[in-house]
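The values are calculated or read from the model by the stated rules, or taken from the named source; none is laboratory data. Source: prediction; values computed, not measured. Counting neighbours? That spans all protein chains shown, and the Cβs are built from the backbone with ideal geometry, glycine included.
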Amino acid sequence: MTEINLVTVGVLLMFIGFAAVIAGSMLGKGDAKVAVGGFIGPIPFGWANDPKMLQWIIALALSIAVIFILFSPR
């Protein structure tokens, strides 16, 4: 089984994000919703300009934290 290089996965995700932003700007919709999330240590955080997007980003960050805890070596 081949080993996945996390740097490659991260760069690929960034390019997918850039492509999504460019595609969204070409569609010409005027109302953009933005959400940003991440971790400070073990604590997930998020900012958004729409309450529904904030709920999604926090739920995504919490699910990533749970997956990390479940699959981390003991």
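Listed here are the residues, each with its yes/no results for (1) closer than 20 Å to M14 by Cβ; (2) modelled with pLDDT of 85 or more; (3) more than 15 Å from the chain's Cα centre (by Cα).
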position: V34; (1), (2), (3): yes, no, no
position: P42; (1), (2), (3): no, no, yes
position: P51; (1), (2), (3): no, yes, yes
position: L54; (1), (2), (3): no, yes, no
position: L62; (1), (2), (3): no, yes, no
position: P73; (1), (2), (3): no, yes, yes
*Among (1) at pLDDT below 80; (2) under 21 Å from A65 (Cα atoms); (3) of a type outside the set (S, T, N, Q), where does M1 come up short?*
(2)
*asked:* Every residue in the stretch 6-54 that is in a loop (DSSP other than H, G, I, E, B) and either touching a residue at least 12 places away in the same chain (Cβ under 8 Å) or surrounded by 10 or more Cβ atoms within 10 Å (Cβ to Cβ) (or both), please.
replied: A32, K33, V34, P42, N49, D50
